[in-house]
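Since the structure comes first, as structure tokens, the remarks are kept for the end.
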């Protein structure tokens, strides 16, 4: 794929993928799956007639399809979550879990971190920092329960932050892995010193679908 073609793909794929979160407003699984199928077919046809090196076909296809699913599709779960009767509170809870977890992981890791968590992906993260992050997510959830989420049972206030906090850390590691594979330090320059927009969203992207399914199928199950 030539540079101009890459630029076209760099514009087309984000624009096409950005339609996915809006589709969740329709609450129609048929509409969503229709657009995903259409995007798959369009990307396939585009690659078929623009790719110059056949040996790169699989990697180029995977990269473009991944760009549609990773950010737009997973972020769409925030729309589904907002449609939940307590959706606004669940979305706020994600923020509490992620931000309190990030802050606690940073301070605990700086002060007590000795054992590397995953040095090949993120050399500065430690096991101690990760555990501290989960403790911070738990504390953040308890504060959220006291401030605005009184409907959250005590058991849910323990399970949810441990589950969502863990998956948010995985999301952070995954984004770090993608950056390293692309040999870049930051995902963008919009937030100087923070690694870009994706470094602010990577945890939320992974947390959104997990929180949605927890809110739908698990929350409140332990109250009786």
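Each reported figure results from applying straightforward, stated rules to the coordinates on display, with no laboratory input. Keep in mind that this is a model prediction, so the values were computed, not measured. Virtual Cβ from ideal backbone geometry, glycine too; neighbours counted across all protein chains shown.
Of 66, 206, 149, which is the most mobile in a GNM of the chain whose springs link Cα atoms less than 10 angstrom apart?
Most flexible of the set in this elastic network: 66.
Calculated from DSSP H runs of 4 or more alone, at -39500 (n - 2.57) each and per residue, what is the 222 nm mean residue ellipticity of the chain, nearest 500?
Rounded to the nearest 500, the figure is -24000 deg cm²/dmol.
Which residue fluctuates the most in the chain, going by a Gaussian network model with Cα springs under 10 Å, if the choices are 38, 135, 62?
62
Would you mind computing, in nm to one decimal, how far apart the modelled labels at residue 154 and residue 56 are, each placed 7 Å from Cα along Cα→Cβ?
Modelled inter-label distance: 6.0 nm.
May I ask you to derive the relative contact order of the chain, considering only C-alpha pairs under 8 Å and at least 6 residues apart, and to give it as an integer percent?
19 percent
If each residue's Cβ is checked for other Cβ atoms within 10 Å, how do 164, 43, 170, 97 rank with the fewest at the top?
Final ranking by Cβ density, sparse to dense: 170, 43, 164, 97.
Shape of the range 75-205 from its Cα gyration tensor (a ≥ b ≥ c, root eigenvalues): rounded if a/c is under 1.5, otherwise prolate when a/b > b/c, or oblate?
Cα axes put the range 75-205 in the oblate bin.
When a footprinting reagent is the concern and you count Cβ atoms within 10 Å, what order do 182, 110 take, fewest first?
Final ranking by Cβ density, sparse to dense: 182, 110.
Over the chain, with a Gaussian network built from C-alpha contacts below 10 Å, which listed residue (41, 173, 78) shows the highest mean-square fluctuation?
The residue with the greatest mean-square fluctuation here is 41.
Stick to the Cα atoms of the chain, pair each with every other, and give me the Kirkwood hydrodynamic radius in Å at one decimal.
It is 19.1 Å.
Fully extended, how many nm does the chain gain between residue 115 and residue 170 (0.36 nm per residue separation, minus their Cα-Cα distance)?
18.1 nm
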